Every structure is written in C-alpha cells, then in structure tokens.
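*Asks:* The following block contains the structure, expressed as structure tokens.
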Amino acid sequence: MKITIGRHYPVESPIHRLDARVKIVGVFLYVTAIFIAKGAAEYAVAAIFTFIVIYMTNVPVKMFLSGFKNLAVIIFFTAILNIFFSNEGNVIWKAGILKITDMGIVTAIRLTVRLLLLVIGSSVLTLTTSPMELTYGLESLLKPLKKVGVPVHEIAMMISIAIRFIPTLTEELEKIKKAQSARGVDFESGNFMQRAKNFIPLLVPLFISSFRRADELAMAMESRGYRGDEGRTRMKKYLLNVQDKRAGIIMVVFLVIIILMRILI
Amino acid sequence: MCFIDGKNLCYKYGVYGDEKSTNALNDINIKINRGEFVAVLGHNGSGKSTLAKTFNALIIPEGDLVINGLDAEKEENIWEIRKSVGMVFQNPDNQIIASVVEEDAAFGPENLGVKPEEIVKRVEFALENVGMTEYRLSEPSHLSGGQKQRIAIAGILAMMPECIVLDEPTAMLDPIGRREVMQTIEKLKREKNITVVLITHFMDEAAKAERLIVMNEGKIAEDGKPKDVFADVRKMKELRLDVPYMTEIAYELKNCGFNIKEDISECGEMAEELLKIGFKEKFVFEKEKKEKVRDEVILKTENLSYIYEENSVFEKKALDNINIEIRKGEFIGLIGHTGSGKSTLTQIMNGLIKPSSGRVLFKGRDISDDKKIRMKIGLIFQYPEYQLFEINVFDEVAFALKNMGADEEEIKERVKEALAAVDMGEEYYEKSPFGLSGGEKRRVAIASILVMQPEILILDEPTAGLDPKTRDDIMKNIVKMKNEMGMTVVMVSHSMEDIAEIADRVIVMKNGKTAYDGEKEDIFGDNEKMKNMGLDIPKCAMLAEILRNKGIDVPKEVFTVKNTIKFLKGALVK
C-alpha cells in the first residue's frame, strides 16, 4: 500500500515554486478572508479565486476532492442540522420540531461553501509544498522564538523525520500484523480485552524495530556530518523573489477585497 | 598514496549485564591506498562493521588511526574525516532523511555548510552519477530497494568524499537492486577514482574488488588479491566463508588429482582450463534417482486472481488466473522478480489475504471455510525475526499454540519438537529472543511456525541477509524438515543456485502469471528459457553452455555445483 504523506503532489507549477513561508502566511490570509465573507458575492469571488489558484497548481482536481472526502460526512451533518433546526427566517415547511426556514437553507449553503473552500484552499498548501519545505517554512517563521530558548531547528527536524518515517512504519506494521496472523492471532474478532491483548505482539516488534531504525538513522545522519543547526546551509535559497512578493501582495489584495465587499455590499 | 593508515587498532563494546565482552577489533594493522577498491569479508561478528565505522570516525578505536592525513583521535578532525569518507549502510530505509529525493541528496552538503548554488550543482552531479536524475522529485518510500540505496550513495557523493565505505549495501536487495548498486559502485571507482571499501557477504561481489581483506575474530585473517585469497578454499571454509562457485569446482577437481589452476573465479576461464585438460570421447553421467513424489495433491489453487486496491487509482492485477497443484512431500522453488506476484501468492495460499476470485483447496477443502485448516499451511515471512516479541524463546515458540488453545502438556511437547527441528536445545528456552544472534533469531522464528505442525511450509526468502555459514545452516534445517519430517515445502528465493540445488519442481512467476511450472531440469538446463523469463542463470549452467558451444555433450542435469563436479570427474581426461 502506498501512502502519500502530507499528500504532497510533486509537479512543476508556479504555486509549487513559491516560498513555503509565503504559502503559509497566504493560507492564513485566505482562511481569514473566508471567515469574513458572508454574502453570495464574496463567496463567488473567493470561489473564483480558489479555482484559479487550483488551476495554477497543475495538481489534478481529483486530489483536492479526495481530501474533501474525509470531511464530507461532517459537512453533510452540519448542513442537515442547519437546515432543520434553524429558528430564523420564514418557515417554508414544518413537521413537529423539524422545520425548514429560508434562512436555514441559506446558512446551510453558506456553511457548506465555507467549509469546502477552507478544505480545498488549505489543501493547496499541503499538496504543493513538500513536508521538508513546510517544516522549513515553519522553522523560519518561528525563528524569533529561538531567542527565548525554543529549539526551533530541532523541532522542525524531528517533525520532518517523523513525516519521512510514517510510510515506512505503516508498511512495517502491516507486515508484522500479517506475520502474527500467520501465528494464529485473530485481529478481527474477540472481545475488547482480547483485542487489547492482541496489540502486544504488534506493538513490541514495532517499538523494537523503531528503536533500531532510530539508532541507525542517527548514525547515518552523524556520518553525513549532521551536528544540529550549527554551520548549516540549505540547498534551496529561501529568499523571497519577485514571484513570492507578487503572490504575497495578491493574497493581501484578496483579503482586502473580501473585507471591502463585506462592508460595502 | 596511503589514505587510511591504522596501527594496532583495538576496540571493545561496552559490557551489557553478564555478557562477556570480546574485542571487536583486536590489534589490527591496516593500510588502504588512495583509489583502491577493497572488499572486506567475514562472518557475522568478525568485526568488519566495527572496522568500517572507524574509517568514518563513528567509532574511535584505540591505537593510531590516520585518515587522509588526519589523526582520528583528535576531536577537531572528526568533521573533516566525515567529509572525506562517506558511509553507506545496509538498510536503505534507515539512512534516508528527507521525504524528497533531491532534498535527501542535499542533506550532507547542507551539514557541511556548502553554499546553496554549489549544493544544487552537487546534487545534480550526484544524482546523475547514480542514474537517479529523473527521480529527483520522487518520494523515497515509493522507490525500490536498489533505487533507495543509489539515493544513499548519491547523498554521500554530494559531499564530494575521497572514499566511500559501504557496509553490506546489497544485503537487503533483490538481484536487480544488487546489480544496480554494484554497477554504480564500479562506475564510481572507474570514472571518479574514488577509494571504495565494500563490506559484503556475497563472494561474487568481493571477487570484483582489487583487494580482499578477510576478517575473523577481530583480526585480519587474509589480505590479498581476491583470486589468491579465494584459492585457499580450505582456509576460507575454516573462516566460515564461501568461495565463488568456479573456485570451489577447481578445488574439488584438484583434490581428485586433476591438473588445474586453483585461482579460477570466472566461467570463461574455467571452460578454457577444462578444454586444456581435455574431455574423454565417451563418458557416462549417472542421473540421480529422483524420489518418487506421491500423487496425493495436498494444495491446489483454482483460477486464482488478485487485484490490489480494486476500483482505485492504484488498481493493479497482482495475480492472474493461477492454477497450481502441490503434491505431498514436494519441494517447490518459487521464483520471480520483485513484484511478480509471488509474495501475494504465498499469502493467499495461507489464507492471509482473500483472493479476488478463485479459491485455494487444502486436501480438497476450501481454506476459507475453516481457520483450523489454515494452520496446516505454515507461512514464514521474509526477516521473520522482526515478529519476535516474547520474554523468552520458549514462550515465543509457544505463542501460536496458546492462540490455538492447546493445553500445557501439549505445548511443552511441541515446543521442544519444534526447537529441536532447528537444532536448538533446552539451553535456549529461558533466553530472551532479542539477545540471540541473527541466525538464532531466525531459527526461533521458524520454530514458532513449525510448532503448529503444518503439513506445508511456505518460506519467503528464508536466508535473506544472513552470512554464508548461517545461510547454509538454515538451508540444512529446511532440507532436514523435508526429508525427516516429510514436510511439503514451498520456498521463495532469489538465489537460483539454492533453488537449483534443492528444489524438485520450479514455479516461475512473471507479471502475476505462472510463466513456468515443471521439473527444474527443463528450465535450469535451458539458458535460453531462463533468459526469456528474465532470470539469473546459475554460474554452473553458464559453464555448461560454454562447454556445449565447444561441442562437448554436457547433460542437461549439470547446473549445480554437485552435478558439475560429478560430471567433470567422469568426463575429463586424467
């Protein structure tokens, strides 16, 4: 089983080339804008903007929707709740405590659109930015905290190694599970206690192997000259170029437009 | 000239509990010249990995060690040494740091504080030299083992080292991956004149080096040209090592009084020597009598198909209409490339995964009907020692029986039997499985399946990653199970030589289909067929083909070391 972690989708695109910091800040601005938006006009502008960005990422739309799939249930239920239990507006249909109001429908639609835009919009960040760049972006943005003693580089390194090993360990767990099944462990049935007990033959080998991996990885890192932050450079120069600045300005303008629309319309 | 210069090197690992600590390095004197290609052989625990780690200053030994003119003992030199000596480890997964190939290659130079523009150039250079440029944006977890190891080499190359030390880089790879890595190493040596120290368990890889060092008990036991070192076959066997097949044949012939060079390692050379000695006009080759396999079909697959992740983007047909019959007492060799569907097939045979269509019958009964039947089909995974978890060997082996609900007496009896089958006596019962050697761990893992008293044993690469002596021991255990316990065995292996030696019947998988199913003589005796299926031809079969082309009537059974020696003894002019 191949798992794409962080669902990073590595292709060439203007969005992929953007600096991770710009994208992180950009997503913040975007999310703020979506929360500020209220009327149909604002959402229309936001939606158009979102789809232009998605088009620019060169990532198949399918990938964006798959991220949305997991949240579909939540979005569906919030929509239902809003439709049937809204108290405002003119009643259109009524049965017992259930009633549908025009405002209810509007709220439901607004909420659905808002969640959709939020999920799809923030997917742009994870799909176009490698976990390494993402952690570097965070590291760089959080750098001021280093002055007060927060080990920003170490935390970022730990996160990126964790991300790197998720698929490896998932695969390993799958293997161990099969191996123990071949020794007669039944993972499918049994009561709660039985199932809890069955975790031991899974977790002990997984822990032991993780320790071994950690040990070997530490050695490999050391042999490749790793000694923390000290004297370290980066392959990718994280200087903001014209494109990055332009993207930043576009995001600010987007937020301002939404705010103005909210106030003026 | 001298790149690594070590005098009186000693090293001892810390003492754990009551374990006696021995010298991992015991007064070693070693000199390695700039641009040399040195292979290091030795059984597990001989100290070769420890020695390798000293070259990279990961371990600082006692004694005088100078690397690239730098004293390894001085702490300020450590980073300079790591810059000039790069190290590649055994497990490809445990040395890749980044989630994108090019970022991983950049990790080393980034640590060295190289300027960004320069890193970009170096990464490009490194990936090009290992042939991985097109994967520069890929995720390492989506690559094959051989590709991952090449990435690891690229990560070292980007540091522009003068020497690369590789610690069993091919041990966990399939034949294709192994070839990729070896070709990369040889190319680097040839084109960049990098000093290479290659630690390996594979004799054919060691034979490619310019110089061969053999380690034993923390000391250097042999040091010389590979040909010369291997020629001393008796000594090598004493050191628990193998020699290349051709060297072994030459040794045996010499012992029988034939006048033949001892330092032969290649097939072509061997054929020339043999033709020089000359073949008799007429000779007899007595075929080995085959034990008659009973007709009783024990396991049968009917129109078996399996589709991975059906109805998704990753959909892939892993098995396509497989019909196999396995008879009682047979030893079947299951071969094919990684991804050919053989692992999937073994897991379906054991009922671990359900086929998309078709069924598996054990003695005529569908195995999906009853869990008890599935217990009769034992499956031992690759690297089974990774499943160990109990506090002692006894409990580890008893685990399966406890799951089956056996009573105390029965458990005792059967655990004893199972451990005896892998040559482990009572002295092991109380030991922790984690304190055992690699080979012992594997034997415990095999016993933990045997204890269920399966009627068929399916083994997936039972000897992967072991040293030659341990490899032989495990193979002997398996053959014993077949002969003495009457076990039906299905063995998945990448080693054509092993399969050729011990299997009765061979099944070749290719792209999810059975590409061949029949007597081993009909496939190993036919190199054309082997090539068409993309399989490695055993060395002895290669020799037989060269001789056939020279007009010698070599019987088709001659493709194992045993039969080759037997044939040559009868056919050569004394």
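Coordinate-derived values only; no laboratory data. As the structure is a computational prediction, the values presented were derived from the model and not from experiment. Cβ sites come from the backbone with ideal geometry, for glycine too, and all protein chains shown count toward neighbours.
*Asks:* Give me a comma-separated list of calculated 3J(HN,Hα) values for segment B:164-171, in order, Karplus coefficients 6.51, -1.76, 1.60 applied at θ = phi - 60°, integers in Hz, x for any Gly or Pro.
*Replies:* So the J values, rounded to whole Hz, are 10, 9, 10, 9, 6, x, 10, 4.
*Asks:* May I ask for log10 I(q)/I(0) of segment B:216-313 at q = 0.16 Å⁻¹, from a Debye sum over the Cα atoms as equal point scatterers with solvent left out?
*Replies:* -0.80
*Asks:* Still on this structure, I have one more. What distance in nm lies between label points placed 7 Å from Cα along the C-beta direction at B:Glu281 and B:Ala420?
*Replies:* 5.8 nm
*Asks:* While we're on this one: Averaged over B:135-141, how many beta carbons belonging to a partner chain fall within 10 Å of each residue's beta carbon? Could the numbers behind the result be given before it?
*Replies:* On the way: counts 0, 1, 6, 1, 11, 3, 11.
Going residue by residue through B:135-141 and averaging, the value is 5.
*Asks:* Decide, for segment A:143-223, between rounded, prolate and oblate: order the square roots of the alpha carbon gyration tensor eigenvalues as a ≥ b ≥ c, take rounded if a/c falls under 1.5, and otherwise choose prolate if a/b is larger than b/c, else oblate. Numbers along the way, then the final one.
*Replies:* Working: a/c = 3.61, a/b = 2.21, b/c = 1.63.
Cα axes put segment A:143-223 in the prolate bin.
*Asks:* Hey, another quick one. I want the antiparallel fraction of DSSP beta bridges within segment B:2-238, as a percent rounded to 5.
*Replies:* Bridges in segment B:2-238 are about 55 percent antiparallel.
*Asks:* Enter the angle in degrees (range 0 to 90, nearest 10) between the Cα long axis of helix B:101-112 and the first principal axis of the Cα atoms of chain B, meaning the one along which they spread out most.
*Replies:* It is inclined by approximately 30 degrees.
*Asks:* If you project the alpha carbons of chain B onto the principal axes, what extent comes out on each, in Å, largest first?
*Replies:* If we take the Cα atoms of chain B, the spans are 71, 63, 53 Å.
*Asks:* Rounded to the nearest 5, what is the percent of antiparallel bridges among the DSSP beta bridges in chain B?
*Replies:* Details: 41 of 75 bridges.
Once the DSSP bridges in chain B are tallied, antiparallel ones form about 55 percent.
*Asks:* Continuing with the same structure: Sorting check: for B:378-386, B:515-523, which peptide has the highest mean count of neighbouring beta carbons within 10 Å, and how do the rest follow? Kindly include the intermediate steps, with their values, before the conclusion.
*Replies:* Values: B:378-386: 22.1, B:515-523: 17.2.
The peptides rank, most packed first, as B:378-386, B:515-523.
*Asks:* On C-alpha positions alone, give me the angle between the axis of helix B:468-485 and the longest principal axis of chain B, in degrees, nearest 10.
*Replies:* 10 degrees
*Asks:* Okay, next question. Restricted to Cα positions, what overall size does chain A have along the principal axes? Three whole-Å values, descending.
*Replies:* 66, 58, 38
*Asks:* Measure out, as a whole number of angstrom, how far apart the alpha-carbon centroids of segment B:25-92 and segment A:68-87 sit.
*Replies:* Spelled out, the Cα-based centre of one part sits 63 Å from the other.
*Asks:* Using amide H atoms built in the peptide plane, which far-off residues or other-chain residues are under 5 Å from B:Arg327 H to H?
*Replies:* Amide H neighbours of B:Arg327, under 5 Å, 5+ apart: B:Ile298.
*Asks:* Moving to a separate point now. Ratio of Rg to Rh for segment B:2-238, alpha carbon only, Kirkwood? Working shown, then result.
*Replies:* On the way: Rg = 17.7 Å, Rh = 18.3 Å.
Reported Rg/Rh, Kirkwood definition of Rh: 0.97.
*Asks:* Quick one: order A:Arg232, B:Arg190, A:Arg164 by neighbouring beta-carbon count within 10 Å, fewest to most. Display every interim value, and only then the final one.
*Replies:* On the way: A:Arg232 16, B:Arg190 10, A:Arg164 24.
Listed from fewest to most nearby Cβ atoms, that is B:Arg190, A:Arg232, A:Arg164.
*Asks:* Averaged across the residues of B:197-208, what count of C-beta atoms belonging to other chains lies within 10 Å of each residue's C-beta? Intermediate values should be presented prior to the final figure.
*Replies:* On the way: counts 0, 0, 0, 0, 0, 0, 0, 0, 0, 0, 0, 0.
Partner Cβ neighbours, averaged per residue: 0.
*Asks:* Now, a different point. I'd like the antiparallel share, as a percent to the nearest 5, of DSSP beta bridges with both residues in the protein assembly as shown.
*Replies:* Working: 45 of 80 bridges.
Restricted to the protein assembly as shown, the bridges split so that about 55 percent are antiparallel.
*Asks:* At 7 Å along Cα-to-Cβ for each site, give me the label-to-label distance between A:Leu264 and B:Lys529 in nm.
*Replies:* 8.2 nm
*Asks:* Set the Förster distance to 56 Å, then compute FRET efficiency between A:Phe187 and A:Ile249 from the Cβ-Cβ distance, nearest 0.05. It would help to have the intermediate numbers written out before the result.
*Replies:* On the way: r = 54 Å, r/R0 = 0.97.
So the FRET efficiency works out to roughly 0.55.
*Asks:* To continue, here is another question. Students often forget the sequence filter, so: which lysines lie under 19 Å Cα-Cα from A:Lys236 once same-chain residues fewer than 8 apart are removed?
*Replies:* A:Lys23, A:Lys143, A:Lys245, B:Lys115, B:Lys121
*Asks:* Anything over 18 Å Cα to Cα? Flag those among A:Lys197/B:Lys412; B:Lys31/B:Lys53; B:Lys189/B:Lys539; B:Lys208/B:Lys539; A:Lys177/B:Lys354, in the order listed.
*Replies:* On the way: A:Lys197/B:Lys412 23 Å; B:Lys31/B:Lys53 15 Å; B:Lys189/B:Lys539 25 Å; B:Lys208/B:Lys539 15 Å; A:Lys177/B:Lys354 15 Å.
Too far apart for the 18 Å limit: A:Lys197/B:Lys412; B:Lys189/B:Lys539.
*Asks:* Anything over 32 Å Cα to Cα? Flag those among B:Lys280/B:Lys328; B:Lys48/B:Lys431; B:Lys227/B:Lys550, in the order listed.
*Replies:* B:Lys280/B:Lys328
*Asks:* Would you work out if segment B:354-508 is rounded, prolate or oblate? Take a ≥ b ≥ c from the square roots of the eigenvalues of the alpha-carbon gyration tensor; rounded if a/c is under 1.5, else prolate when a/b is larger than b/c, oblate otherwise.
*Replies:* Numbers: a/c = 1.76, a/b = 1.10, b/c = 1.61.
Note, shape of segment B:354-508 comes out oblate.
*Asks:* Counting only other chains, and only Cβ atoms inside 10 Å, what mean value do you get across the residues of B:115-126? Display every interim value, and only then the final one.
*Replies:* On the way: counts 3, 7, 2, 2, 5, 3, 0, 1, 1, 0, 0, 0.
Going residue by residue through B:115-126 and averaging, the value is 2.
*Asks:* Sticking with this one: Can you sort B:Lys74, B:Lys261 so the residue with the fewest Cβ neighbours within 10 Å comes first?
*Replies:* Values: B:Lys74 12, B:Lys261 15.
So the ranking, lowest neighbour count to highest, is B:Lys74, B:Lys261.
*Asks:* Rounding to the nearest 20 debye, state how big the charge dipole of chain B is about its Cα centre with +1 on each Lys and Arg Cβ and -1 on each Asp and Glu Cβ. Kindly include the intermediate steps, with their values, before the conclusion.
*Replies:* Working: 82 positive and 100 negative charges, 316 e Å.
Charge dipole, chain B, about its Cα centre: 1520 debye, nearest 20.
*Asks:* For segment A:84-209, just say rounded, prolate or oblate: build the C-alpha gyration tensor, square-root its eigenvalues into a ≥ b ≥ c, call rounded for a/c under 1.5, and beyond that prolate if a/b exceeds b/c, oblate if not.
*Replies:* On the way: a/c = 3.14, a/b = 1.32, b/c = 2.38.
Oblate shape, in that a/c is at least 1.5 and b/c is the bigger or equal ratio.
*Asks:* Here's something else I'd like to know. How far apart, in nm, are the 7 Å Cα→Cβ label points at B:Glu519 and A:Gln194?
*Replies:* A separation of 5.0 nm, rounded to one decimal place.
*Asks:* Right, next: Between B:Ser368 and B:Lys556, what FRET efficiency follows from the Cβ-Cβ distance if R0 is 41 Å, with the result rounded to 0.05? List each step's numbers first, then the result.
*Replies:* Working: r = 41 Å, r/R0 = 0.99.
Efficiency, from the Cβ-Cβ distance: 0.50.
*Asks:* If I take R0 = 41 Å and measure r between the Cβ atoms of B:Glu117 and A:Thr78 in this structure, what FRET efficiency does the formula 1/(1 + (r/R0)^6) give, to the nearest 0.05?
*Replies:* Details: r = 51 Å, r/R0 = 1.23.
Between B:Glu117 and A:Thr78 the formula returns 0.20.
*Asks:* Now, a different point. Going toward the positive end of the dipole of segment A:143-223, with +1 on Lys and Arg Cβ and -1 on Asp and Glu Cβ, which of A:Phe192, A:Met221, A:Pro144 do you reach last?
*Replies:* Value computed over the given set: A:Pro144.
*Asks:* Can you give me the long-range amide H partners of B:Lys316? Hydrogens built in the peptide plane at 1.01 Å from N, cutoff under 5 Å, separation of 5 or more residues or another chain.
*Replies:* B:Tyr308
*Asks:* Return one number: the angle in degrees, 0 to 90 and rounded to the nearest 10, between the long axis of the Cα atoms of helix B:561-571 and the longest principal axis of the Cα atoms of chain B.
*Replies:* Relative to chain B, helix B:561-571 is tipped by roughly 80 degrees.
*Asks:* With only Lys, Arg, Asp and Glu charged, each at its Cβ (+1 for the first two, -1 for the last two), find how big the charge dipole of segment B:43-172 is about the Cα centre; round to the nearest 20 debye.
*Replies:* Working: 11 positive and 21 negative charges, 54 e Å.
With only Lys, Arg, Asp and Glu charged at Cβ, the dipole is about 260 debye.
*Asks:* Further question on the same structure: Taking H placed 1.01 Å from N in the peptide plane, check which residues at least 5 places from B:Cys2 or on another chain put their amide H under 5 Å from its amide H.
*Replies:* For B:Cys2, the qualifying residues are B:Arg34.
*Asks:* Now for a different question. Tell me which aspartates and glutamates have Cα within less than 16 Å of B:Lys187's Cα, excluding those fewer than 8 residues away on the same chain?
*Replies:* Reachable aspartates and glutamates: B:Glu36, B:Glu128, B:Glu162, B:Glu205, B:Glu210.
*Asks:* OK, next. Show me B:209-216, B:422-429 ranked by packing, highest mean number of other Cβ atoms within 10 Å first. Let's see the in-between values first.
*Replies:* Values: B:209-216: 21.8, B:422-429: 15.5.
Order by mean packing, descending: B:209-216, B:422-429.
*Asks:* Of the listed peptides B:390-403, A:245-258, what is their order by residue-averaged count of other C-beta atoms within 10 Å, with the highest listed first? Don't jump to the answer; show the numbers that get you there.
*Replies:* Numbers: B:390-403: 21.2, A:245-258: 16.2.
Order by mean packing, descending: B:390-403, A:245-258.
*Asks:* For segment A:195-236, list residues with backbone N below 19 Å from a point placed 7 Å from the Cα of B:Ile60 toward its Cβ?
*Replies:* Only A:219-228 pass the distance filter.
*Asks:* Which is farthest toward the positive dipole end of chain B among B:Phe107, B:Asn255, B:Leu173, measuring Cα position about the Cα centre, with Cβ charges +1 (Lys, Arg) and -1 (Asp, Glu)?
*Replies:* About the Cα centre, the residue reaching furthest to the positive side is B:Asn255.
*Asks:* Let me ask another. Stretched out fully, how many nm does the piece from B:Asn303 to B:Gln183 gain, at 0.36 nm a residue minus the Cα gap?
*Replies:* On the way: separation 120, 0.36 × 120 = 43.20 nm, distance 4.02 nm.
Stretched fully, the B:Asn303-B:Gln183 segment lengthens by 39.2 nm.
*Asks:* In Å, what Rg and Dmax follow from the Cα atoms of segment B:106-264?
*Replies:* Reported Rg and Dmax, both Å: 19.0, 66.
*Asks:* While we're looking at this one, here's another question. Quick check on the protein assembly as shown: what does the Kirkwood estimate of hydrodynamic radius come out to from the alpha carbon pairs, in Å?
*Replies:* Values: mean 1/r = 0.0326 Å⁻¹.
Its Kirkwood hydrodynamic radius stands at 30.7 Å.
*Asks:* Given Cβ point charges of +1 (Lys, Arg) and -1 (Asp, Glu) and nothing else, what value in debye, to the nearest 20, does the dipole of the protein assembly as shown about its Cα centre take? Don't jump to the answer; show the numbers that get you there.
*Replies:* Details: 115 positive and 119 negative charges, 482 e Å.
The dipole magnitude comes to about 2320 debye.
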